[in-house]
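Trainee: Below you'll find the structure I mean.
Every number here is computed from the coordinates shown, using simple stated rules; none is lab data. Keep in mind that what you see is a predicted model, and the values were worked out from it rather than measured. Glycine gets a Cβ as well: all are built from the backbone with ideal geometry, and neighbour counts include every protein chain shown.
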Amino acid sequence: MVRIIAGGSVKLLESSNGSDIGSDNTGPQVVTQTSVTDSRLLKSFGDLTYARIRTIRADATVSFMREVVIAPAIHSPWTIEATNKAPEGAKELIESVFLPCRIDLLTTSLLGAIDFGWQPYELIYKLEEENFITISKFKNLLQDYTDIAVYADTGAFAGLFNRPFFHIDEVLLNERESMNITLEVEGTNFYGRSVSEVLEDVQTNWTDVNTSANRYDKKVAGSHWVLYYPVGRTTYKAVKTNNDVIAKDILNTLEAAGAVGVPDEIQDWIEGDDVDQNTKGKWRVELLSDSNNSAQSFSDRLMYLDALKVRAFGIPERSVIQGKFGTKAEADTHADIGISVIDTKHRKIVKQYNKQGVNELLRLNWGQEAVNTVFIQVAPIVDTRLALIREIYRLVIQNPELALQEVAKLDTEAMSNILGLPSHESKQVDS
């Protein structure tokens, strides 16, 4: 870990020479340039600020969709797999580090990557009594106080800069002390892409439509009495009184949300077809109310914008908020698409855990040759293979004769792990 005095900077970090075999020959692949004074990858979100992102995610539909994405992934268990080249104790070490923190780690990774495009972590190591190095904590860092460091010559991930606003010193965590999780990276821009980049315009339009709908509701709320009266004077309560005074007195006696008096003076130039001759110069009262479909048009527009919010998360809207029409087969197809999208996000994140966390532990404890010999495996959320394993397992435990014949051939323990079934020997502890 490098500690930098406030106001200072770390020199440009450079990796191996680009002419070496196996190394990059091209520079950083980013639209915005890296800092010219240090290896900081500059952020470029345009007008979309972290404060605005937090406002967008407070929307009810957006908040609901964040939970929709998390829930299936949380219920899809992990298993720790090892190759025949894995060192002794390596699988057990990875199980003890990653399985207990699975839910918290996956939740922060998904939400951070969805909301902000990336989720940075500090990896806090601990030396155990058995002389094994473990990760005691995955400290999720706030994006507001963190910048990504990259190698100036290749743009490869080099670590994280972090300095909370109340701290004097800035800290540079190298790539072994840090982990960065993203879902969508363009080139070497490891800040990824926030869903809010899609939601920004949708949310602005939704707010405008909702404001207009509220203004319309207030304008047409209730019904209004309208009293038409002839121009002139009329005997009213035994007194010759101007008709407008009489109209006001009558209106004051009516119970209504609002009231208005309108003189009913018919001009000579109005043709007879334009005005009901029977109502010329007569006293009459009408109750006016909104009779058009303006309110429905607002509702339809808001529903459409809510559907766009759902699509921004990669989920068909019919699978979560608009399932009223269509066949069951069609609805199932929409649901399967949504689940597949979530499963893809889950696998992308776990792949990064394996690359940045699991492999680093293997390297620190057993050397470079242990890399990729142990890895986290995600159980499929929706998969024909999973359905087949479930059906086979059910038949095995229900039919004793079949069990005697097949148990010796089948790895029932592996099947149990894939299905996420609890057992006395299970070392998986979710918290």
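Trainee: Would you please put 231-244, 149-162, 118-131 in order of how densely packed they are, using the mean number of other Cβ atoms within 10 angstrom per residue and starting with the highest?
Mentor: Values: 231-244: 11.9, 149-162: 22.1, 118-131: 15.5.
Result, highest mean Cβ count within 10 Å first: 149-162, 118-131, 231-244.
Trainee: Need the full-extension length gain, Glu88 to Gln296, defined as separation in residues times 0.36 nm minus the C-alpha distance. One decimal, nm.
Mentor: Numbers: separation 208, 0.36 × 208 = 74.88 nm, distance 6.71 nm.
Result for the pair: 68.2 nm of gain on full extension.
Trainee: Which pairs break 19 Å Cα to Cα here: Lys137/Lys355; Lys309/Lys348; Lys137/Lys345?
Mentor: Working: Lys137/Lys355 17 Å; Lys309/Lys348 22 Å; Lys137/Lys345 23 Å.
Checking Cα-Cα distances, Lys309/Lys348; Lys137/Lys345 exceed 19 Å.
Trainee: For Asn242, what is the net charge nearby, where nearby means another residue's Cβ is under 12 Å from its Cβ and Lys, Arg count +1, Asp, Glu -1?
Mentor: On the way: positive: Arg233, Lys240, Lys248; negative: Asp244, Asp249.
Once all neighbours under 12 Å are counted, the net charge is +1.
Trainee: Given a Förster distance of 51 angstrom, what is the FRET efficiency for Glu128 paired with Glu184, based on the Cβ-Cβ distance and rounded to 0.05?
Mentor: On the way: r = 37 Å, r/R0 = 0.72.
Once the sixth-power term is evaluated, E becomes 0.90.
Trainee: By how many nm would the segment from Gln368 to Lys237 lengthen if fully extended, with 0.36 nm per residue of separation less the alpha-carbon distance? The partial results should precede the final answer.
Mentor: On the way: separation 131, 0.36 × 131 = 47.16 nm, distance 10.60 nm.
Full extension from Gln368 to Lys237 adds 36.6 nm.
Trainee: Could I ask something else about it? In whole Hz, what ³J(HN,Hα) sequence does segment 106-114 give by Karplus (6.51, -1.76, 1.60; θ = phi - 60°), x for Gly and Pro?
Mentor: My calculation for segment 106-114 gives 5, 5, 5, 5, 5, 5, x, 5, 6 Hz in order.
Trainee: In the neighborhood of Gly155, defined by Cβ-to-Cβ distances under 12 Å, what is the net charge if each Lys or Arg adds +1 and each Asp or Glu adds -1? Mind showing how you got there, number by number?
Mentor: Details: positive: none; negative: Glu14, Asp24, Asp153, Glu186.
Overall, the nearby charge balance is -4.
Trainee: Right, another one. If each residue of separation counts as 0.36 nm, what is the full-extension length gain between Phe166 and Gln29 once their alpha-carbon separation is subtracted?
Mentor: Values: separation 137, 0.36 × 137 = 49.32 nm, distance 3.31 nm.
So the extension gain works out to 46.0 nm.
Trainee: List every residue whose amide H lies under 5 Å from the amide H of Thr154, counting only residues 5 or more places away in sequence or on a different chain, with H placed 1.01 Å from N in the peptide plane.
Mentor: It is Ser15, by chain and number.
Trainee: Oh, and also: Under a Cβ-only charge scheme (Lys and Arg +1, Asp and Glu -1), can you give me the dipole magnitude of segment 102-199 about the Cα centre, in debye to the nearest 20?
Mentor: Using Cβ point charges on Lys, Arg, Asp and Glu, segment 102-199 gives about 160 debye.
Trainee: Counting only residues 5 or more places away or on other chains, whose amide H sits under 5 Å from the amide H of Ser136 once H atoms are built in the peptide plane?
Mentor: Ile124, Tyr125, Lys126
Trainee: So how do 198-207, 353-362 stack up, highest first, on mean other-Cβ count within 10 Å? Kindly include the intermediate steps, with their values, before the conclusion.
Mentor: Working: 198-207: 17.6, 353-362: 20.3.
In descending order of packing, they fall as 353-362, 198-207.
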